[in-house]
Each structure stands twice: as structure tokens, then as C-alpha cells.
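Inspection log for the structure reproduced underneath, given as C-alpha cells.
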Amino acid sequence: MELYSGNEAIARGAYEGGVSFAAGYPGTPSTEILENLSDYKEVNSQWSPNEKVALEVGMGASLGGARTLVTMKHVGLNVAADPLFTAAYTGVNAGLVILVADDPSMHSSQNEQDSRYYARSSLIPMLEPSDSQEAKEYLKEALKLSEDFDTPVLLRMTTRISHSKTKVELSDRTKIPIRTYEKDIAKYVMLPQNARQKRLNLLERMRRLEDFVNTYHLNQVEEAGGEIGIITSGITYQHAKEVFKAASFLKLGMVYPLPFGLIESFVKGKKSVYVVEELEPFLEDAIKAHGIKVLGKELVPRVGELSPDILRDSFSLPKGDSTSAIETPLPPRPPLMCPGCPHRGVFHSLNKLKLTVMGDIGCYTLGALAPFEAMDTCLAMGAGVGMALGFEKATSANLGKAVAVIGDSTFVHSGITPLIDIVYNKGASTVIILDNRITAMTGRQDHPGTGRTLMGEETRALDFMKLAEAIGVGSIRTIDPYDLKQTLTTIKEETEKDEPSVIITTRPCALILSEKETPFSIDKKSCTRCLSCLKVGCPAISFDKAKGLSIDANVCIGCGVCAKVCKFSAILEVDS
Amino acid sequence: MIDKGAILLVGVGGQGITLATKIVSLALLKSGFDVKVSEIHGMAQRGGSVYGMVRFGKEVYSPIISQGEADILMAFELLEAARWLIYLKPGGELILGEQTISPMPVLLGKMDYPSDLISQLKDKTEKLLTLNAEELAFELGGLKFANMITLGTLKERLPITQSAWEDAIEESIPERFIEINMKAFELGRKQIMMRGG
């Protein structure tokens with residue numbers, strides 16, 4: 001018996017289920033699936049540049065005959081939505097499972113969308129496990145469904161399933177032979193005349209699935225004999241089991257399509273049946289539309305993660321006593337840029353230059369927080385580059401006022417096409433690529449720019465300078481973000497030009513550095529307490545009204561950015 | 001011996017909460033319990049407030065600890081102890097590593113790090129064990145051992161066998177660091193003994 005996170009369990013399920021190819025793009029809470037899967041040498045796993053590519057590579061692998069897993073977070077499925085909808089038409093060759101991990105409460109995301117709607121709108125069946133053991137088994141079930149019904153299958157996780165650890169019993173890997181590929185133009189070439197037929201086939205497949213689910217063993221009834229029934233799925237099942245001890249349960253392992261026959265028989269004879277689900281009223285709306293009387297979002301919140309306590313509140317049930325809270329207001333602890341983070345120098349300069357900064361998704365989104373507050377937007381992966389162009393196009397008064405900042409991995413994900421747009425449509429935007437040589441936010445994954453694959457092999461690294469040159473960017477420069485003067489001057493010069501510019505930073509993420517430099521300390525005699533060093537927002541530097549400024553030598557990694565900000569030469573290397 | 005319970009480990013990203021959570025949960029599993037663990041990865045890890053929730057018993061459903069449910073609140077940082085105090089069961093025990101790490105509003109001088117937290121924590125808890133894990137860790141060779149020292153205090157408090165603890169530590173730590181971490185763990189356990197905990 002092992003204790004596995006949901007993500008580890010999915011990786012194990014892929015291994016046991018005979019998956020031999022996997023692709024994805026890192027995104028919390030899904031990232032650790034492929035990281036763990038890459039430890040199983042029988043599965044060829046890869047990071048793709050983005051989720052759309054991952055799904056397309058995955059479709060290719062399925063056609064090529066390999067059982068395939070594709071992983072992404074909820075917003076990644078938006079990127080992959082184009083091939084998704086048509087993959088429902090073509091179906092698969094070997095089993096194809098698309099794993100999507102939602103992030104209720106937005107622990108590490110820009111929105112709280114409910115991916116279950118993708119299943120309904122693309123007509124692709126979706127399974128939802130409630131713990132790690134189920135995650136592992138459902139993955140294998142999904143592979144089987146995919147092959148039995150000739151369809152991709154969605155497997156939905158949420159943060160609390162992905163990152164919670166529960167007991168898992170391991171099995172051996174089933175050896176699945178690679179299927180032969182047979183050319184089938186009517187099945188795989190979605191010309192309108194073929195697609196019209198496949199659309200009919202898709203609806204016929206849905207009718208077969210709708211019959212099948214009523215007796216599917218993943219949908220389980222736990223009859224307790226009382227008057228109260230709970231219809232639920234996923235992690236919410238576990239919370240509800242804590243709270244409604246005497247209720248009967250219908251636990252849905254497949255959340256699309258729904259087993260209406262089973263639901264009707266479950267509801268029969270019960271006084272009240274509640275649909276308890278996280279986020280949107282996805283199950284509830286469908287059940288009500290089917291004419292079945294249930295209650296749901298009348299009681300249960302639509303926002304954020306659920307928990308046993310939230311359910312107790314929703315149903316006016318008593319909660320246990322707790323230790324009383326501290327009376328003093330407690331300072332919040334927002335996440336912050338690490339000591340030595342190379343983004344610091346860029347955001348310090350952007351703050352000084354008072355530019356409009358079109359931001360993006362990554363650690364550097366923290367540049368929007370104090371003390372930098374040097375970011376105006378964060379919308380979607382790669383969005384800042386296109387938004388910078390649009391901002392300039394709105395009025396000539398905006399020319400030279402906006403820049404885009406985007407990380408290396410995010411740039412590869414979806415920053416390249418909007419950069420082409422800037423050149424093509426004669427913009428003059430400045431795009432700053434924060435190239436820290438890693439996908440940092442999600443826990444340091446390789447990407448096409450790092451020169452290494454997920455399986456740990458050396459590969460050809462994407463050259464951002466040559467890429468920008470080939471796109472037609474006239475002005476391309478590199479900067480050392482630890483050199484504040486160069487950083488400030490370069491950004492200023494490039495934004496003043498009336499042509500597109502690309503600036504690439506050259507310092508790696510502080511978390512991938514193997515060694516620290518000599519730490520710095522504050523010379524109390526020279527320090528005037530002007531507090532300008534606090535403006536670099538480094539967790540190693542603190543200010544106390546009584547003791548003045550100090551640098552924690554255990555935290556400082558010696559990047560020296562604070563020393564360059566100090567006008568009084570009061571920040572010195574510890575040795576000197 | 002207790003047969004079910006909840007342990008909440010809290011602190012700041014980078015303090016080794018994830019590792020400590022992994023060891024105690026594995027040790028409980030190896031002692032025959034059903035165990036569920038909840039933790040959050042991602043953006044919060046960048047110096048933010050982090051936690052590890054461990055629930056164990058014969059059969060566990062939700063991985064989330066409710067307010068007032070934790071039998072033990074193990075805090076690696078003072079402000080985080082204060083923040084999560086309401087999760088402690090009345091009569092439960094607070095194990096407090098006295099390290100303080102200032103969050104950004106304090107570093108910037110915009111808010112004060114509350115000065116009376118220890119006295120408030122004393123007033124509000126029935127059982128409080130404080131230990132200066134930071135100082136002990138430096139004696140052992142570095143701040144990175146503070147989490148294992150703090151974890152060592154759990155040894156006498158949970159229904160976990162000696163061999164389950166040892167196996168859990170061995171499975172969670174690279175081989176060459178096992179000996180020193182075992183030493184840190186024992187050091188933590190002795191702190192309790194010395195204080196009659």
C-alpha cells in the first residue's frame with residue numbers, strides 16, 4: 001500500500017494501463033502527472049509547447065497505435081479546444097485520455113472555470129475520481145471506454161484530488177500491443193462531407209453511452225434507507241460523506257453523460273435529494289432539466305472549493321468548537337519573488353519608467369504586487385504581447401507607452417504568433433522576454449528553449465534571438481537584469497523607437513542556480529534609511545523602526561541588485 | 001493510544017513543511033491507519049503561507065481538516081501559528097517552532113509583526129510546546145534541519161512505531177542525509193523529554 005497524490009496515481013494508472021505515449025504542458029494542479037510519468041521508462045512522455053500541440057501530438061500517437069495520455073490544467077483545455085471538438089468526431093485508434101485539472105478557489109490560476117462543460121459541449125464522455133485509488137483505476141477505465149466507444153475520454157481532476165495523498169494499491173503494467181494504423185479518409189479527414197456523417201455518428205455514439213451509463217459500475221449507489229439523498233461526484237463526495245452520515249448517496253464516477261435512469265430510481269421514495277457539487281450547477285441543471293426534483297445551488301456555494309465546514313454552513317448543521325482566534329490583525333503573507341529572482345531588476349525598472357505593462361502568466365505576474373506594482377494586465381497565456389499591440393493601435397497617443405513582459409516558456413506557449421502580428425501589422429511594441437531558462441512557476445520544467453526534454457535528454461534549444469530576427473523584429477537586444485542601469489536604459493531606448501523591439505533577459509531562475517554568491521549586508525553607519533532598497537522587494541531585506549534595515553545572510557543569494565539601488569554605498573558584500 | 005486524529009502542519013514556503021508532512025503521513029500509513037493528506041502546490045509556495053493537513057483513522061473521507069478539528073497544530077513559524085490557531089481543537093496541542101519570518105507588508109514597514117503573539121497563544125491554548133528549532137538546527141549544521149527537529153516532537157505523541165518512523169524517514173530523504181536527519185529527529189524528541197512534554 002502506498003500513499004500517492006492524485007497526480008502520482010494518474011501517472012501510475014497510465015503506466016499500469018499500458019499507456020506508451022504522453023504529452024502535456026505544465027500547469028498547476030496538473031504538472032506532477034507527467035513529471036512522475038517520466039520516471040516510468042516504458043512511457044515516452046514529453047512536454048509540448050502548449051496544450052493544443054500536446055493534444056494534436058496525442059491524437060497522432062493514438063492514430064499511430066499507442067495508448068495515449070494528454071494532460072493540462074483547466075485553462076489549457078481552452079487552448080486545446082479546437083482539436084478537442086473535432087477529435088470527438090473522428091474518434092481514435094488506440095485509447096486516448098485527456099486529463100484536465102480544474103482549480104476551484106484559484107490557488108494558482110487566473111479563473112475558476114468548470115471544465116465539465118467541455119464534456120457536454122464537445123460530446124466527449126468525462127470521468128471524475130474522488131481519491132487517488134480511483135484516479136488510478138479511472139484512468140484505466142477511461143482508456144477502455146475510449147477504445148470501446150471509439151472516442152477520446154476526458155478525465156477531470158481538481159486541485160484537491162491532484163494534490164491530496166490517499167492510499168493506493170499498485171498493480172502490474174498490462175502489456176498493450178501497439179495497434180496497426182489503417183488509412184481511413186472518411187474517419188480522419190474532416191472535410192465537410194465526411195464531418196456531416198461523423199456528426200451523425202457522434203450523436204449515435206452518445207445515445208449508446210447514455211444507455212451504457214445507467215448500469216456503469218463507476219456510478220455507485222450507497223443506500224442508507226433514509227429520506228435524504230445526496231447526488232455528488234469527485235472530491236465533494238468525500239466532504240459530503242463527512243457531513244451527511246445518515247444520507248443515501250449516488251456517487252457519479254461518470255459526470256457526462258449522466259445516468260438519468262439510475263438517478264430517477266435513486267430519487268424515488270426519498271423526501272429530499274440534494275445535488276452537492278463544486279463550482280457550477282453542472283449536474284443540477286441537467287437533472288432539473290430532465291424533470292427530476294432536486295435542490296443544489298439554492299444551498300451550496302457556486303464560488304470556490306467546498307469543504308466539510310462549508311457544507312455544514314450551507315445546510316445549517318452544527319460545527320465543532322474551535323480554539324478562539326488571535327485578536328491582533330495578522331499581516332497577510334502573499335507569495336513573492338525569490339531572493340535573487342532575475343525578474344526583480346526588470347520590474348524595478350518598469351516601475352521607474354511608469355510604462356503600461358501588459359503582463360502574462362508566470363512567477364513574474366508577482367510584478368503586479370507591492371513594491372513594484374509594475375503590471376497592468378494578466379489575462380491569458382501569451383495575451384500580453386497581443387494586448388500591447390492593440391493598446392498602441394487604439395490611439396497614436398499610446399505609441400511607445402506600452403510594453404509586454406512574458407516568460408520564456410509562456411512565449412513559446414503562445415507569445416510567438418502575437419509577435420508576428422506586431423511585425424505584420426506595423427506595430428512598434430516592445431516585448432520583453434524574461435528568459436530564466438525554465439518553466440519556473442509550476443516547479444521548474446524544461447521547455448523548447450532549455451535544450452532538455454522531459455525524459456532528460458539533450459535536444460536542440462530554441463534560439464529566441466534568431467526566432468525574433470526571422471519574424472522580422474528589427475531591434476533585438478539582450479540585458480542582464482542584475483545590471484539595473486543597463487536594464488533601465490535599454491527598456492527606455494527600445495520603447496522610444498517606432499519599430500517593434502524584443503528585449504531578452506539573460507539570467508537563469510534563482511532556483512536553478514547551483515551555488516550562491518557572497519551575501520550582502522547593510523553598513524549601518526552609511527545607511528541613511530532612505531528605504532530605496534526596499535523597493536526591490538527582496539525577502540532578504542527587512543526594515544524595523546527600532547533596528548533599521550538589515551539583510552538576512554541566510555536568505556540573500558548575493559545577486560547585488562539592492563546594492564546597485566543604494567545611493568549611499570551602504571550595501572556591501574559580507575566579506576569586504 | 002488514539003486511533004484517529006488530525007495533524008495540521010503550517011509555516012512558510014521553503015521551511016520544509018511538505019517533507020515533514022510526507023514523513024508523518026507515511027509513518028501513520030505504515031502503522032496501519034487509513035491516511036489522507038492535503039497540501040497545496042504552485043504559486044503559494046513562493047514564500048507564501050503553506051500547510052500540510054494529515055487526517056488518519058480507520059476510514060478517512062475528506063482530506064481537509066475543519067476548524068477546531070486538529071489534535072495537534074505544528075507551526076514552524078510564529079505568525080502562521082497565529083493564523084491557523086482556529087483549526088486547533090479546544091484542548092489540542094500547539095507545537096511551536098519559534099522562528100519568525102516577516103511577510104512582505106512587514107518587510108516594507110507597512111505593517112508590524114505582532115509582538116504579543118506568544119502570550120496570546122499561551123492564553124488561548126491548553127497545551128503549548130515551544131522549541132527554538134532554529135537555534136538547535138544551527139548547532140546541528142544548518143537551518144534546513146529545523147523541520148526534522150520540530151517533527152521529532154511528534155514521536156511520543158502519535159501511535160506510530162519506531163520502525164514506521166524510521167522507514168518513513170528513509171523513504172523520504174536521500175540516503176546520504178538520512179543519518180543527520182535521524183539525529184535531528186531524535187534531538188526534537190529529546191527537547192520534549194527535557195521539558196517533560
- Can you give me the Cα centroid spacing of the range B:100-116 and the range A:483-560 in angstrom? 20 Å
- Message: No solvent, one uniform scatterer per C-alpha: report log10 I(q)/I(0) for the range A:1-128 via the Debye equation at q = 0.12, 0.14, 0.23 1/Å, two decimals.
- Response: -0.40, -0.56, -1.49
- Message: Using only the alpha-carbon atoms, what does the range A:531-573 span along each of its principal axes? Please give whole angstrom values in decreasing order.
- Response: 26, 24, 17
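I'd like the mean, over residues of A:315-323, of how many other protein chain beta carbons sit within 10 Å of each residue's own Cβ. Intermediate results must be reported in sequence, preceding the final value.
Values: counts 0, 0, 0, 0, 4, 6, 5, 12, 18.
Partner Cβ neighbours, averaged per residue: 5.
Of the listed peptides A:54-66, A:231-243, what is their order by residue-averaged count of other C-beta atoms within 10 Å, with the highest listed first?
Working: A:54-66: 22.2, A:231-243: 25.5.
The most tightly packed comes first, giving A:231-243, A:54-66.
Can you check what the Kirkwood hydrodynamic radius comes to for the range A:226-286, Cα pairs only, in Å to one decimal? Present the calculation step by step, with values, prior to reporting the outcome.
Details: mean 1/r = 0.0850 Å⁻¹.
One over the average 1/r among Cα pairs gives 11.8 Å for the range A:226-286.
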- Query: Using a Gaussian network for chain B with springs between C-alpha atoms less than 10 Å apart, which of these wobbles most: B:THR153, B:THR100, B:THR21?
  - Reply: B:THR100
- Query: Which cross-chain or sequence-distant (5 or more) residues have an amide H under 5 Å from the amide H of A:PHE520, H modelled 1.01 Å from N in plane?
  - Reply: A:GLY558, A:VAL574
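Sorted from largest to smallest, which semi-axis lengths in Å does the alpha carbon gyration tensor of the protein assembly as shown give for its equivalent ellipsoid, taking the root of 5 times each eigenvalue?
Semi-axis lengths for the protein assembly as shown are 42, 38, 24 Å.
Give me the percent of DSSP beta bridges within the range A:219-307 that run antiparallel, rounded to the nearest 5.
Values: 3 of 13 bridges.
Of all bridge pairs located within the range A:219-307, approximately 25 percent are antiparallel.
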- Message: Quick check: convex hull of the Cα atoms in the range B:138-197, volume per residue, rounded to a whole Å³?
- Response: 77 Å³
- Message: Could you compute how much accessible surface A:VAL555 exposes when probed at 1.4 Å, giving the result in Å² to the nearest 10?
- Response: 50 Å²
- Query: How large is the helix-only mean residue ellipticity at 222 nm for chain A, computed as the sum of -39500 (n - 2.57) over DSSP H runs with n ≥ 4, divided by its residue count, in deg cm²/dmol to the nearest 500?
  - Reply: -10000 deg cm²/dmol
- Message: Distance between the C-alpha centers of the range B:48-82 and the range A:5-53? Whole Å please.
- Response: 29 Å
- Starting from the amide H of A:LEU99, placed 1.01 Å from N in the peptide plane, find each other amide H under 5 Å away whose residue is 5 or more places distant or on another chain. A:VAL70, A:THR71, A:MET72, A:LEU155
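Please give the charge dipole size of the protein assembly as shown, origin at the Cα centre, charges +1 on K and R Cβ atoms and -1 on D and E Cβ atoms. Round to the nearest 20 debye. Could the numbers behind the result be given before it?
Numbers: 84 positive and 96 negative charges, 179 e Å.
Roughly 860 debye for the protein assembly as shown.
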- Message: Test of understanding: what is the full-extension gain from A:GLU182 to A:ASP463, defined as 0.36 nm times their sequence separation minus their Cα-Cα distance?
- Response: 97.4 nm
- Message: Need one word for the range B:57-197: rounded, prolate or oblate. Basis is the Cα gyration tensor (sqrt eigenvalues a ≥ b ≥ c); a/c below 1.5 gives rounded, then a/b vs b/c decides.
- Response: oblate
- Query: Which is farthest toward the positive dipole end of the range A:45-103 among A:GLN46, A:HIS74, A:ALA101, measuring Cα position about the Cα centre, with Cβ charges +1 (Lys, Arg) and -1 (Asp, Glu)?
  - Reply: A:GLN46
- Using a Förster distance of 41 Å, the FRET efficiency for A:GLU227-A:ASP148 (Cβ separation, nearest 0.05): 0.60
- Message: Of A:HIS348, A:SER314, A:VAL276, which is farthest towards the positive pole of the range A:272-361's charge dipole, taken about the Cα centre with +1 and -1 on the beta-carbons of Lys, Arg and Asp, Glu respectively?
- Response: A:HIS348
- Item | Using θ = phi - 60° and Karplus 6.51 cos²θ - 1.76 cosθ + 1.60, couplings along the range A:18-25 (whole Hz; Gly, Pro as x) | x, 5, 10, 9, 9, 9, x, 10
- Cα-only Debye scattering, the range A:266-419: base-10 log of I(q)/I(0) at q = 0.12, 0.15 Å⁻¹: -0.79, -0.87
- Query: Which whole-Hz couplings ³J(HN,Hα) result when phi for each residue of the range A:536-541 is put into the Karplus expression 6.51 cos²θ - 1.76 cosθ + 1.60, θ = phi - 60°, listed in order with x for Gly and Pro?
  - Reply: 8, x, 9, x, 7, 9
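What total accessible surface area, summed over both chains, is buried at the interface between chains A and B, computed with a 1.4 Å probe and given in Å² to the nearest 100?
On the way: alone 25550 and 10210 Å², together 30690 Å².
Chains A and B together bury roughly 5100 Å² of accessible area.
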- Message: If you filter the range A:476-572 for chymotrypsin sites (Phe, Trp or Tyr not before Pro), then keep DSSP loop positions with at most 14 other Cβ within 10 Å, what is left?
- Response: A:PHE568
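Over chain B, what percent of the accessible surface lies on carbon and sulfur atoms, probe 1.4 Å?
Values: 3820 of 7720 Å².
The computed percentage sits at 49.
Assuming R0 = 22 Å, can you tell me the calculated FRET efficiency for the pair A:SER316 and A:LYS288, based on Cβ-Cβ distance, to the nearest 0.05?
0.45
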- Task: Identify the GluC sites (Glu not before Pro) of the range A:319-415 meeting these criteria: DSSP loop state and at most 12 other C-beta atoms within 10 Å of the C-beta.
- Result: A:GLU327
- Residues B:GLU98 and B:GLU179, FRET efficiency given R0 of 30 Å [Cβ-Cβ distance, rounded to 0.05]: 0.70
- Once the principal axes of the Cα atoms of the range B:12-96 are found, what is the range along each, listed largest first in whole angstroms? 34, 29, 20
- Item | Rg and Dmax [Cα atoms of the range A:203-247; Å; Rg one decimal, Dmax integer] | 13.9, 40
- Item | Number of partner chain Cβ atoms within 10 Å, mean per residue of A:330-343 | 6
- Might you report the magnitude of the Cβ-based charge dipole of the range A:275-367 about its Cα centre, with Lys and Arg at +1 and Asp and Glu at -1, to the nearest 20 debye? 520 debye
- Item | Beta bridges per DSSP with both ends in chain A, % antiparallel, nearest 5 | 25 percent
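Of the peptides A:466-478, A:101-113, A:408-420, how do they stack up when ordered by the mean number of other Cβ atoms within 10 Å, highest first?
On the way: A:466-478: 15.5, A:101-113: 20.0, A:408-420: 23.8.
The most tightly packed comes first, giving A:408-420, A:101-113, A:466-478.
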- Each residue of the range A:108-118 in order: what ³J(HN,Hα) in whole Hz does its phi give by Karplus 6.51 cos²θ - 1.76 cosθ + 1.60, θ = phi - 60°, with x for Gly and Pro? 8, 8, 9, 8, 10, 5, 9, 5, 4, 5, 5
- Note on the structure: A student applying the Cα gyration tensor rule (rounded when a/c is under 1.5; otherwise prolate if a/b is larger than b/c, oblate if not) would label the range A:340-430 oblate
- Task: Return a whole-number percent for the relative contact order of the range B:6-68, with Cα pairs under 8 Å and 6 or more residues apart as the contact set.
- Result: 42 percent
- Query: If you project the alpha carbons of the range A:425-476 onto their three principal axes, what span does each projection cover, largest first, in Å?
  - Reply: 40, 23, 16
- Quick note, the range A:272-349: a/c under 1.5 would make it rounded; otherwise a/b > b/c is prolate and the rest oblate (a ≥ b ≥ c, C-alpha gyration tensor); here it is oblate
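By per-residue mean of other Cβ atoms within 10 Å, what is the highest-first order of B:156-162, A:128-134? Mind showing how you got there, number by number?
Working: B:156-162: 15.9, A:128-134: 25.9.
Descending mean neighbour count gives A:128-134, B:156-162.
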- Lys/Arg +1, Asp/Glu -1 at C-beta; chain B dipole; positive extreme among B:THR161, B:PRO63, B:LEU117: B:PRO63
- Among chymotrypsin sites (Phe, Trp or Tyr not before Pro) in the range A:96-188, those in a DSSP loop whose Cβ has at most 14 other Cβ atoms within 10 Å are A:TYR181
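Normalised by the number of residues in chain A, what is the relative contact order in percent for Cα pairs under 8 Å and 6+ residues apart? Could the numbers behind the result be given before it?
Working: 1232 pairs, mean separation 63.2, N = 576.
Answer for chain A is 11 percent.
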- Averaged over the residues of B:55-66, the number of partner chain Cβ atoms within 10 Å of each residue's own Cβ comes to 6
- Stretchable slack from A:SER324 to A:ASP544, in nm (0.36 nm times residue separation minus alpha-carbon distance): 76.3 nm
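How much of the DSSP bridge set in chain B is antiparallel, in percent, rounded to the nearest 5?
Within chain B, antiparallel bridges account for around 50 percent of the total.
The values are calculated or read from the model by the stated rules, or taken from the named source; none is laboratory data. All of these numbers come straight from a predicted model, not from anything done at the bench. A quick note on method: Cβ atoms are made from the backbone with ideal geometry, for glycine too, and the neighbour counts reach across all protein chains shown. In case anyone asks, the SASA skips ligands and DNA or RNA and just uses the protein heavy atoms, side chains included. Shrake-Rupley method; radii C 1.70, N 1.55, O 1.52, S 1.80 Å.
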